[in-house]
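Following: one structure in structure tokens, then a few remarks.
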Amino acid sequence: MEGLDWLIWGACFLTGTFFVYGIMHYAGSRRMVRDRFKKSTATAAMSLYQRGGGGSLKKRFLDWISSFGEYAMKDKEDTSKLRFSLIQAGYRHPKGPTIFLGIRVLAPFLLALPYLLANVMGGVMASGNLMVCLMLAGTGFYLPPYVLKALIGRRQERLDLSLPDVLDLLIVCVEGGLSLQSALHRVSDEVRNISLDMYNELHLTNAELRTGISREMALKNLGERTGAQAVKSLVSIMIQSDKMGTSIAQALRVHSDFLRVQRGQKAEEKAGKLPVKIMIPLLLCIFPAIFIIIMGPAVINTMHALSKTRIF
């Protein structure tokens with residue numbers, strides 16, 4: 001009888017053990033599948049626009065700024081142009097236009113209010129201070145478009161500098177037997193260490209090709225997104241070579257040599273403008289110091305001599 005009791009207790013213990021093990025294994029497998037699904041959805045969403053990795057605080061802050069920009073949005077055509085400019089600058093946030101307009105609305109207050117509050121707390125208020133506040137407010141309103149234009153120019157310059165190296169990789173892939181679409185996919189993975197901007201653009205182009213968009217349309221979108229003249233010329237050459245059936249590798253090699261020559265010409269142009277640009281700091285900073293050093297002792301001696309001379 002005692003042996004039967006031990007057998008029953010052992011069976012119950014084993015049953016409970018296997019039951020707990022099964023529940024833990026099931027929960028672990030579901031967690032693994034859930035994490036893998038979240039990773040895949042996050043990776044798919046990254047192709048639309050770059051996430052900054054911020055938490056809910058950043059999201060609330062951007063929503064708060066965009067709420068001011070929604071009141072400033074009037075014309076849909078102007079909004080589409082603004083979105084296109086932000087894309088050329090590298091910002092693909094869905095609320096990009098409203099955030100930009102919100103910054104433009106808040107910038108005058110952010111520049112003028114601290115100066116006004118400092119004068120009020122210091123007890124110094126005059127018409128000149130109000131004029132300075134108005135100037136700061138105007139600067140804050142008109143400054144964001146110039147900053148956006150400067151960001152677009154810097155990004156296009158980075159794309160122009162990285163384009164010859166990207167063309168070399170494309171030539172190697174095409175001459176190795178890969179098709180143009182396969183070469184773009186391979187180069188987009190290799191070019192990340194060379195230029196992050198070009199990596200993002202090629203990644204979006206490959207995503208468009210995978211969704212079924214024609215090669216001509218995807219390449220045209222690449223040129224329009226960047227806005228760089230060198231990229232537009234490359235897109236035109238690739239589309240023309242694809243239509244005419246000519247060698248794409250030869251066309252890319254000729255364009256790569258042309259871009260390198262153009263880069264050297266731009267460097268020579270900047271070197272030629274340097275003597276003219278350096279005249280401004282010479283006239284403002286160096287020449288006054290030289291005049292003081294040369295003419296200073298003579299002026300001091302002349303003043304001492306005149307002070308000792310008595311005129312009757």
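The values are calculated or read from the model by the stated rules, or taken from the named source; none is laboratory data. Every value quoted in this text rests on a predicted model; they were computed, and no experiment measured them. Positions of Cβ are generated from backbone atoms using ideal geometry, with glycine treated the same way; all protein chains shown enter the neighbour counts.
Suppose the filter is part of a helix (DSSP H, G or I), surrounded by 12 or more Cβ atoms within 10 Å (Cβ to Cβ) and touching an Asp or Glu at 6+ places or on another chain (Cβ under 9 Å); does LEU101 pass it? Against the criterion (part of a helix (DSSP H, G or I), surrounded by 12 or more Cβ atoms within 10 Å (Cβ to Cβ) and touching an Asp or Glu at 6+ places or on another chain (Cβ under 9 Å)), LEU101 qualifies.
The lone criterion from (1) small (Gly, Ala, Ser); (2) buried (at least 17 other Cβ atoms within 10 Å of the Cβ); (3) closer than 20 Å to VAL254 by Cβ left unmet by GLY140 is number (3). Candidates LEU170, LEU148, LEU116: the one that is outside the structural domain of HIS255 (by TED's automatic domain parsing), touching a residue at least 60 places away in the same chain (Cβ under 8 Å) and not basic (Lys, Arg) is LEU148.
Annotation for the range 129-139: no member residue is of a type in the set (Ser, Thr, Tyr), assigned by TED's automatic domain parsing to the domain that holds PHE61 and either touching a Gly at 6+ places or on another chain (Cβ under 9 Å) or free of Cβ contacts under 8 Å to residues at least 12 places away in the same chain (or both). Is it the case that the range 264-271 has a residue that's part of a helix (DSSP H, G or I) and closer than 16 Å to LEU169 by Cα? No; the residues of the range 264-271 include none that is part of a helix (DSSP H, G or I) and closer than 16 Å to LEU169 by Cα. GLU216 passes all but one of (1) part of a helix (DSSP H, G or I); (2) loosely packed, with under 12 Cβ neighbours inside 10 Å; which number fails? Single failed check for GLU216: (2). For the criterion of being without any contact (Cβ under 8 Å) to a residue 12 or more places away in the chain, out of contact with any strand residue (DSSP E or B) (no Cβ under 9 Å at 6 or more places or on another chain) and at positive phi, GLY245 passes.
Against the test of being at pLDDT below 85 and farther than 18 Å from GLN88 by Cβ, the options SER233, SER195, SER162, SER179 yield a single qualifying residue, SER179.
Of all residues in the range 199-212, those satisfying the criterion of being surrounded by 14 or more Cβ atoms within 10 Å (Cβ to Cβ) and without any contact (Cβ under 8 Å) to a residue 40 or more places away in the chain are TYR199, LEU202, THR205, ASN206, GLU208, LEU209.
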